[in-house]
Every structure is written in C-alpha cells, then in structure tokens.
Amino acid sequence: MITVLAVHFSVAVIAPFLFRLWGRNAFYALAAVPAVSFGWLMFQHNPIYSGPGAVTEAFDWIPSLHLEFAFRMDALAWIMSLLVLGVGALVLVYCARYFKREDQDLGGFGAQLLAFAGAMFGLVVADDLLLLFICWELTTILSYLLIGFARTRLAARRSALQALMVTTAGGLAMLVGLIMLGYTAGTYRISGILDQAPALVSGTSAGVVGAAVVLILVGAITKSALVPFHFWLPGAMAAPTPVSAYLHAAAMVKAGIYLVARLAPGFSETAYWQPVVLGLGLATMLVGGYRALRQTDIKLILAYGTVSQLGFLTMVVGLGTPDAALAGLAMLLAHGLFKATLFLVVGIIDHQSGTRDVRKLSGVFRSSRALGIVAGIGAASMAGVPLLGGFVAKESVLEAFVHHAADPHSGPWGMVVLAGLVVGSVLTFAYSARFMWGAFAAKPGVAPTPFKAITPSFLAAPAVLSVLTIAYGLWPVPVDAWIQPYAALFASTAPDAGTPAEQAGHLALWHGLTPALGLTAVTFVLGAVMYFGRNAVARVQSLVPAWVDGDRGYQLTIGALDDVAVWITGRTQRGSLYFYLAVILSVAFVLPLTAILLGGNALPRDVYLVDPNSPLQLVAGVGIVIGALAAVKANKRFLAVLMVSVTGYGIALVFALQGAPDLALTQMLVETIILVAFVLAMRSLPPELRDRTGGKYRVVRVIIGLGFGVTMVFAAIFAMGARTALPVSLQFPQLAYEGGGGLNVVNVTLVDIRAWDTFGEISVLALAATGVASLIFIRGRGDRLQTSASVAEGTVGRHHGVDPGSRDGAALAISRKFAAAARDPWIVAGRTLAPERRSIIFEVVTRLIFHSMIIFSLYLLLAGHNLPGGGFAGGLTAGLALTIRYLAGGRFELREAAPLSAGALLGTGLALAAVSGVVPLLLGGQVFQSAIIQVWLPVFGDIKFVTSTIFDIGVYIVVVGLVLDVLRSLGAEIDEHMEERSAAAAQQDEPEEDRPGQPEVEAERDLEPPLEPDTVPAETMPAETTAKGHA
Amino acid sequence: MSVNLTLLIVMGALYACGIYLILERSLTRVLLGLMLLANATNLLILATGGYAGLAPLFAKDTPAQDYNDPLPQALILTSIVISFAVTAFMLGIIYRTWVLARQDDIQDDLEDRRVAATPSFDAEDDAEVPAETSEFPLTMLGSDGRDVSNHQASGGDTGPETVQPVATVVAGGREMPAEHAAAEEKPGSLNIDPSPEGGGK
C-alpha cells in the first residue's frame, strides 16, 4: 500500500514535465497510475475475502510521537479504494479531452489531481489516527487548490477559500477528538481502538470517548457537507467539472461517510451518535433535495442533489445495524457510480454548448442521443428506477429503515426517520427528473442549443460508469459478497439472532412484495407528481422565504470575525511608541509588585541604609539623584546631556567607593567620550528641548516611572534577601591567580574566566560601530580621507556670512589675525583649519599630552592583568587621546593621528581575539585556555607573560576602532556634511549677498589666496554658531 | 545576604527618571532615559555584590570575602562599554533622523492608524459575484455547429448572450467591476493612498 502511495506522489511530482512533453495527453499517463493501482487492488481481493480478512503494513515514522505508516485494508477500505482508484482513473482520462490544448497550468492541475487520488487512497487505508488525519488534511489542501484552479476568477478563489475554512475548522475539531480517543485508548491504531471499543464505550472513560466521538463527527460533518455546513459544496462548483465529479461526488465528500462507517462498528452506541448522525443526516437530505428543485444551473442541481445524498448516506451508514451497514455501502458505491457519471455529462454539455443554464439549454438530446442515454441511466439510478444499481441499494436501505422503525427500541423516532426518508426519496426522484428535463429536453420557446459533436474518447469515462451502473443493478451478487464481511461487524451475537448474513440480508433486484417495494412505488408516484407539477412547485417555493441560508451565515460569521480583528487591531496597534511602552512598562511593574505584595515574604534581615565601609556613598548618591532629576527637568538639549553625565560621573564615584577601581576608571573614560560624542552629533539640532508629551500623559508617565522605580527597589531587596548559597565568585581570586596568572581578578575574569562573554561583547561593539558608520556615511566608511598635506591652508570650517561691521565680525577678524602664523609648530593639520577655528592653547596642550596618553593607554593594557586597567580602559584612553587630537586639529588631524581605517581596526581586533581563542584548541587545550610563559630577558629580568594578554590586546584594538568610528562618523563626516551644505548655500545666494562682504573679502584675498565665496544664507547660521558656542 | 539601601534607592530614582524620559516623544530624551536606565541597572548589579570591600587585586593573605565581589564588577564593565556602543548608535540614528526629516520626534505610525480605520468591506470577500453558468463562456457556436469563439468571430455575429453580467462595487467613490476591485486590494495599486509618511523631504 505504501508503494501505491509513493507512486502516486512521485508521478505527481514529475507530472508538470510530462505535460510539457505531451500536452494535455499527459492526463492519460497520469490515469495509468490509479488504473494500475486498481489492477493491484483486484489482486488483494483474495487475501481479504478468503484469508485473514485484512492486509496490513506498518513502518515506523516518528516513534516518539507514536506516528507510524500503518495501513490496513479490510472490506470497507477495499470498497472505498475501488471508488477512489477506479473513478480517479476515469476522471483523469476524461480530463485529457475536457481541457483544451492551449489551457494554462495543466501540469500543476494534473499533479494535484493525481496527488489527491493518492491522499484519498491513503485516507481509506490508514490504520493510524494521525496518519488518517494527515491524509484528511492533504485532501483538504488539494481540494482548495483544485477548486481554485481558475485563479483569475473571483468566484473560484472565494469558493476555494470557503471550502478550505469550513473543512479545516472541522478538521481541527476532529484532530482534538482523535487525540482524545487515541490517548484514552492508549493506542493510535484504528483497528486496536475498534477492538477495545466495547470497553471504552461502557467503561469509566465513556464521557471522554463520547465527547471525542462528537468532535470526530464534526470533522466528518464539515467534510461531507452536512447541515449546517452544507453550503460549501455548491460553492465548490466553481471548480472545473472533472474536479467536481471526483472530489465532490465520488471521493472527498465521501471521506466523512467513510469515517462514520469506520467508527460505527464500535461507537454507534455512544450517547450523541444517533441524534447527530440521524438528525443532521435527515435534515441535510431534505434541505438538499428541496434546494435542488430550485436551481437553474444543472451543475447546481447535481450539487444540491449530492448534499441531499450525503445526508442520506450518513444516516444509513451511521445507523449501526447489519442490514443498514450492507445497504449503506451498497448505496455508497451506487452513488459514486451514478453521480460521477452525471457530473461528467454536465461537463460535456458545458464544454460543447457553452452553458449549463436550464433556461438556455434546449434540444440537447436531439443533438447527442448517446450522451442523453448515458445521462438517463445515471439519473434513473439516482431516482431508484428498477434494474439499476441505485434501485438495488435503495431497496435495502428502505428495508433496513423499515426494520428500524419496527424495532421497539427505536421508539416513535424510527417512524419519523422513515417518513423523512421517503420524503427525501420523493424529492430525489423529482430533481432527477428535473435534471434530465433541464439538460436534454427540447423546450418550447427556446431556440435549440448549438451543440458540437462529441468525440468517443470524451464520452468514454461516463459511458463506462453507466455500464457499471447497469451491471450492478442486474447482478448485485459480487457487491453483496464484498460488503458482507463489513456488515458482519455489526451482527448481534445473541443465540437466536441467526448468522451474520441472515441479519444483514442480501442485495437483490427482487425481494418479493415487501413494505420497501411499496414505499418505492409511493415515492415514484409522488415524485412524478412533483415533476409534472413543477411549475406549481416552483411557485410555492418562491413564496417561501429563504429563512435560513448557510452561505449567508458563513458570510456573516466571517464578516464578524473581520470586524473583531479590525477592532482589536485598531485598539492595540495604535502606531504610538508611547502607548506600547506604557502598556509594556505598566505590566512590567504591576505584575511583580502584585506578586511581591501577595507573596507575603518577610523583608530580609540584613538591610542597612549606609554601608559602614563607605559612608561617602550617601553623598555620591545624593549627587546622582539631583543630576537625574535635573536631566528630567532640563529644557536645553546640552544641559540635559550634561546632567546625565553628572549621574554618570557620580556612579563612577560610587564604583570607586565600593571597591571597584576598574569600573570607576572605565566609567570616567566612557562618560567623557560619550559627552564629546553627544556634542558632536547634536550640534546641528536646535538647542531647545521641548516637552511635547504634556497634559494627562505627563501624570501617567510620572506614575509609571515612580511605580517602576519603587518596584525595582523592592524586587531587588527581596531577590537579594532570597539568596542562600555562597557566591561562586568567592573562588575567583584564587582561580585568577593560579589559573589565570593575574592579580587583577576583574580583568582575569574578563579575559580568561568569562572570556566567551567578552568575545561576544566585542562582537557587539564591532556591530554597533559599523551601525554608526552606516547611519552617517552614505557610501563607504570614510577611509578615503585625503592627507592634510594636500589640503589648502585655512579652508576647513570657515564661517560665512558674518557681517564684518557687527560685534561677531570684529571678533572673527581678530581671531583670524592672531591665528595667522608662518609655520605650524604644534600639530600636523592645524594649518588646515580656518583661523577662527584654531585654539593655540588647545594645540599646545594636545601636543604635550597626546603621546603621554597613548603610552599610558599601553601601560593600562599591559599592566591590566595585575593592576587596575586592561583592554577596555586602555582602549578608551587611547580613544580619548584621538578625540583630543580631533578636537584640536579637525578631521585631517584625526587622519594624521590614526591613518588606519576603523573597519580594519575592528576586524584586526576581533581576529586577534578569535585567534587567541582558537590556538589553544590546536595545541590540544580548550577554547580560550590561557598559558603562563616565564622567560628571562637580559635587561628586563624575569618576565611573566600570560597568553590571555593577546586576547586583551584584541579587545584594546576593537575599542580603539569603535572610538575612531564614532569620531569619523559623528565628528569628521558631519563636519563635511555641514561644510558642503554651507558652501552650496553660499554659492546659490552669491548674487545678492556678495556685495556687503566685499571689502573684507578683498582684504583677505591678500593673505589667503584660495578662498571660497564668503556668504551664506541666514538659516544655516544658527546651526553653526550653536555648534561653536557649545563645543 | 546583605542589602544596601543607599544603592537601591539611588537605583530606584534613576529607574524612575529613566522611565519617565523614555516615555517622551523626543528621541534625545529617550536616549538620555536609556542611559539613566543603564546606569541604574549597573547599580543594581553592583548592589548584588554586597558590602563595599577591598579592590579585587589578589593578595595572598587576604581572605576572599574581604574583596568586593569581582563577578558583578566584570559584568558591569561589560555593560558600561556596551552602553557606550549603543549610545553611539542611537546618536547616529538621531542625527540621521534629523538630516532626513528635520525632526527629533518619534512619529506615530500612520499605517497602523490606517489599519485601525479599515472598513470591514473587502472586495475579495464581500463583493457580489455574478453566478457563472459555464466554464466555457467565450465558446459560442454558429448555427452550423462550428466554433465561432469571440476571438475568431470577426463578422460581429456573436450574440448578446456572450456578454457576461459584470458585478460592480463602489469603493473610494468610484464604481468599478468587482474583479478589478479585488485586484486593486493588492499593495501598490491605486486603492492605496500614496500620501507621504513622516513628512520627509
């Protein structure tokens, strides 16, 4: 069986290539797959019917989920497979003539149809609940794709989606039911569960099993289009007609019937089974039949007819008696034969005449008598006319329900069901006649429909099916033999009940003058009356309002879901960051605070206000709080930044007082560099910092802020009070000294004990640096900066447009005069700066301290293993030195001080750190393992070198790279942007504003030949002066 | 385990101020708030180290508990430098926002607002579709039974039956066929209001 499945799916995969080779004739190749499988099925007849009763196969799939490829083919599965494979092959043959040569996407369509046949076969032979569910959902998805074949048509898309939604919803309910059932039974093998069924149904788990069965029935009801989910099936008629014939008549909609039939032997006695199966089945039969009489599209007549028949089948199959079981499968087979025939005929009519409308079709029978005869056989079988399969099956059904009604156990409801059944049969007869009339009759007043001649290959498939219908009717013995083993499953074991075959009865053309035959006669008479009085029936039907419409209900449900979704989205997704943050932060403090209050834990004992070892912390703390409050209140941008820096420096003090010199050092350096970065980045922004979130929002912010702060305090107190174990870090000093070879425990922790952390951190640094660069630079990373030698003197950062008569202008003139010098004594690129930008004092100081700082940073790096310092502190110090060079001499000075690209530095640092981690691995150690090397050098004496220092050097280089990137981006590149903008603006406005600046320009030209135009519009001024003022 | 209230109260104050600031629209204030939060968190980690102690520089005679706990220190050191990198990155964002849009504010997402105002009518789901009574509507047969489909028929003998009824929907003040309306729901179509977002130039 797994081979059959595998062949179906693998041929489906290569199907598109076959279609490319052979065009629409490739359908014949595809049809060969189910046809050959059908032949294989014939060989399974003997093992099943004369051997052990079933053929089984099982392969492990996912053992931990109890999932296996378990297959079992018994009588029921064999009969279903007959339909699935046989009709599948015929429909594929039919497709080869139904589609046109130039039709698009046939490859995908053929593949889906063949895969569907495989999935359906898998569904009926699966012996594992979960495998069954998987095949079930596969058929759902393939049905979605097949219905939506004409994807450019709105109707097809919508019907496909509707069918998918309805059947998937039912499928999910079914999954829950299957899992409940499998869990309760302790096995997912269907055969095993059915063996235990009597114990499950009557045991302690009866309630759970009852609920599980109802959930599974929900799946069956949606799949088989029973009321109230019947509406999707007529909608699915947007599918190409072969798909309707196969999925919506013979195969997929039978999946629900199959499931009912599969479970009925064990579970038809559960509490809700009979009301659900009989009640909904009967309702569906009547609703479908009633609505079929109203349709004007012959395909829709068949669709509603199918709905009606599905309800009928569900009732019969679900009744749970041996004779009903026999009748049910007989009807299932007969229905598959005649309904597929009729759908294929409809396809031919549509194909040849271009319409399916009852009001336009006329005289089709005259155009094609063969087609009319084939259709007539199908319709007669549907109506239950003698000598045909439908008659044989329907006789046994009526027989079974007459028995049921006569049985004292079933009470008055038995009669009601029987009466309903007869009414349904009358409707069936009437719509069968109406179908034939609508499709083939010559109608007065309607012009004969043009009808192309039908090729025999097109008619072959329905003709074969109608021949089978006749054969079935005339000689039902083999069918009877096929079904008997299944019917025997229901047989009573009471001593006076007789053999299973006697209980089930037999299929036969002639049973004698039975009550069933009488009911059939009544059906025919009433049906004929309804047909001939069809105009009166139609008038009555048009008077009755469509009081319940499943499709409308579906639309309303989906519409309501849409509305709710839009409403909830609109309420939660406001697009306001403030709103999101407020919600998140409120939850973040309300939940822990509630937990703390409700937890009722006592406060820890060892709580002290002031640390006896460092009372000065209190002073630092007051400073920090004042700084933070001032930062909140500040309405000037740089004031706020400064106040935040105050808290930062205060925290550095706290670190120092707490006994953490490394932290204090690093914090000081970082605060300083951040301050510079802030000033550089924000110089073009307006100086005011307006509070735009006012009013009630401010109150909310205060509440959330205070609440969060208080919660954090209490959470910290309780968390620390909850600590019972000794800190792991008590062993760090010893470890650091002996294993890491260093005295500075914090540094050894960073580069050795927790080196992985640090490696991750420097990777983040490299990322952030790259992020900064990519935000500021539009192209490249600014590595193309020219050397200062090629830059003309005094050209960088000139002020433009200052009125020489004003106070600023006078100051500018003085600064220019003083800055003019014949040589460049202090720093390399100072001469490139505009004179008013230079500060001699700053240049001198820079000259004095730059090299010392670099040496000091190297000292911090190398001594860091034993004394406060290390790669971070060292790198930041070097970065600070570069910052000073930049501030004193501008971007060309920075280029001279650090000719390397920041990216190269970051890469080198990361690579060095990675190498220091990997090399020990190559030498047989572990990642980041360090070694202590002691050597004696002539001058230096004993040298103790720890290899983790190499890692620290990597850290140092990464940090320098980060600072350099920040300076290049936020400093140099923004300088350049501003100069470009100011120069562009100056050029633009030259004509009007040139004249006032004329005298000064002339004066300066004597001194400095290469001059830019000296004017600028007023609007760029504030930005530049601001920058100067604050820097 | 000991609890240092001074550190924790300062921490709480920093958290409160930081949260107040990040609930502001100005990006600069949000960044400052983040920095305060980082500082507060560093204090929290520091407080887990217990009493102030000796700097953790190893000396053979000092017992381990006399040092200030080195593990929180290592964590804080990492945190300080990462905060620096994040701050630099945020500064880059602030500058870029200013250059592009001339504003320092966090803007509301207009698209989200538009979603909230979406009507529940969706042409794909709700438009009326004409009942189709054939899969081959273009096939029209002449009286002699030959195929005279529309594209072949040049003599204009195609009957009025071939004209399919077209359902229309009214969306955005325009009447259009339902099929088009469904197509226009896709992004980039004319139904989508192309007004600029963020007001940048």
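The values are calculated or read from the model by the stated rules, or taken from the named source; none is laboratory data. Bear in mind the structure is a predicted one, so any value in this text is a computation, not a measurement. Cβ sites come from the backbone with ideal geometry, for glycine too, and all protein chains shown count toward neighbours.
Worth pointing out:
- Residue among A:LEU263, A:LEU286 that is in a helix (DSSP H, G or I), more than 14 Å from chain B (Cβ to nearest Cβ) and closer than 28 Å to A:PHE133 by Cβ: A:LEU263
- Of all residues making up the range A:317-355, the number that are part of a loop (DSSP other than H, G, I, E, B) and in contact with a Leu (Cβ under 8 Å, 6 or more places away or on another chain): 3
- Criterion violated by A:ALA119 - all others in (1) at pLDDT below 95; (2) aliphatic (A, V, I, L, M); (3) crowded, with 18+ Cβ neighbours inside 10 Å satisfied: (1)
- Test result for A:GLY721, farther than 25 Å from A:ALA664 by Cβ and facing chain B (nearest Cβ under 8 Å): yes
- All of A:THR557, A:THR523 fail the test of being surrounded by 13 or more Cβ atoms within 10 Å (Cβ to Cβ) and either modelled with pLDDT under 85 or part of a helix (DSSP H, G or I) (or both), apart from A:THR523.
- Enumeration of residues in the range A:730-752 that are assigned to a helix (DSSP H, G or I) and touching a residue at least 12 places away in the same chain (Cβ under 8 Å): A:PHE732, A:PRO733, A:LEU735, A:ALA736, A:VAL745, A:VAL746, A:ASN747, A:VAL748, A:THR749, A:LEU750, A:VAL751, A:ASP752
- Across the range A:861-876, the qualifying residues are those that are part of a helix (DSSP H, G or I) and surrounded by fewer than 24 Cβ atoms within 10 Å (Cβ to Cβ), and the one among them that is nearest to the other protein chains (Cβ to nearest Cβ) is A:ALA863.
- Looking only at the range B:46-91, and only at residues there that are of a type in the set (A, V, I, L, M, F, W, C) and more than 7 Å from chain A (Cβ to nearest Cβ), the one that is nearest to the chain's Cα centre (by Cα): B:MET90
- Of residues in the range B:23-37 being without any contact (Cβ under 8 Å) to a residue 60 or more places away in the chain and surrounded by 22 or more Cβ atoms within 10 Å (Cβ to Cβ), the one farthest from the other protein chains (Cβ to nearest Cβ): B:GLY33
- Considering the range A:929-1031, the qualifying helices (runs of 4 or more DSSP H), each wholly inside and each with 2 or more residues that are of a type in the set (Ser, Thr, Tyr) and at pLDDT below 85, run over A:1021-1030.
- B:GLY12 being within 23 Å of A:LEU577 (Cα to Cα) and either more than 7 Å from chain A (Cβ to nearest Cβ) or in a helix (DSSP H, G or I) (or both): no
- Residue that is surrounded by the fewest Cβ atoms within 10 Å (Cβ to Cβ), among those in the range A:88-115 that are outside any helix (DSSP H, G or I), touching a residue at least 24 places away in the same chain (Cβ under 8 Å) and not acidic (Asp, Glu): A:ARG101
- The range A:650-661 - residue that is among the small types (Gly, Ala, Ser) and at the interface with chain B (Cβ under 7 Å from one of its Cβ atoms) and, of those, farthest from B:LEU37 (Cα to Cα): A:GLY659
- Residues that are hydrophobic (A, V, I, L, M, F, W, C), within 7 Å of chain B (Cβ to nearest Cβ) and in contact with a Cys (Cβ under 9 Å, 6 or more places away or on another chain) are absent from the range A:633-649.
- Residue among A:PHE59, A:PHE71, A:PHE43 that is among the hydrophobic types (A, V, I, L, M, F, W, C) and buried (at least 17 other Cβ atoms within 10 Å of the Cβ): A:PHE71
- The C-beta contact set for the range A:552-571 (first residue in contact (Cβ under 8 Å) with a residue 12 or more places away in the chain and more than 9 Å from every other protein chain (Cβ to nearest Cβ), second residue loosely packed, with under 12 Cβ neighbours inside 10 Å and of a type outside the set (Asp, Glu), distance under 9 angstrom, 6+ apart or interchain) is empty.
- Any chance A:ASP297 is among the acidic types (Asp, Glu) and crowded, with 24+ Cβ neighbours inside 10 Å: no
- Unmet requirement for B:LEU43, which otherwise passes all of (1) closer than 29 Å to A:PHE732 by Cβ; (2) more than 7 Å from every other protein chain (Cβ to nearest Cβ); (3) in contact (Cβ under 8 Å) with a residue 24 or more places away in the chain: (2)
- Filtering the range A:589-607 for residues that are part of a helix (DSSP H, G or I) and facing chain B (nearest Cβ under 7 Å) leaves an empty set.
- Positions within the range A:218-252 being among the β-branched types (Val, Ile, Thr) and within 29 Å of the chain's Cα centre (by Cα), in sequence order: A:VAL218, A:ILE221, A:THR222
- Selection within the range A:676-709 - in a helix (DSSP H, G or I), surrounded by fewer than 18 Cβ atoms within 10 Å (Cβ to Cβ) and more than 7 Å from chain B (Cβ to nearest Cβ): A:LYS696, A:TYR697, A:ARG698, A:VAL699, A:VAL700, A:ILE703
- Taken together, the residues in the range B:92-120 that are touching a residue at least 24 places away in the same chain (Cβ under 8 Å), in a helix (DSSP H, G or I) and either surrounded by fewer than 16 Cβ atoms within 10 Å (Cβ to Cβ) or facing chain A (nearest Cβ under 7 Å) (or both) amount to 7.
- Any hit, the range A:628-649, residues being touching a residue at least 40 places away in the same chain (Cβ under 8 Å) and over 48 Å from the mean Cα position of the chain (by Cα): no
- Test for A:LEU730: is it more than 8 Å from chain B (Cβ to nearest Cβ), over 44 Å from the mean Cα position of the chain (by Cα), closer than 23 Å to A:GLY659 by Cα and surrounded by fewer than 18 Cβ atoms within 10 Å (Cβ to Cβ): no
- Qualifying positions in the range A:238-260 - part of a helix (DSSP H, G or I) and either in contact with an Asp or Glu (Cβ under 8 Å, 6 or more places away or on another chain) or among the aromatic types (Phe, Trp, Tyr) (or both): A:ALA238, A:THR241, A:TYR246, A:TYR258
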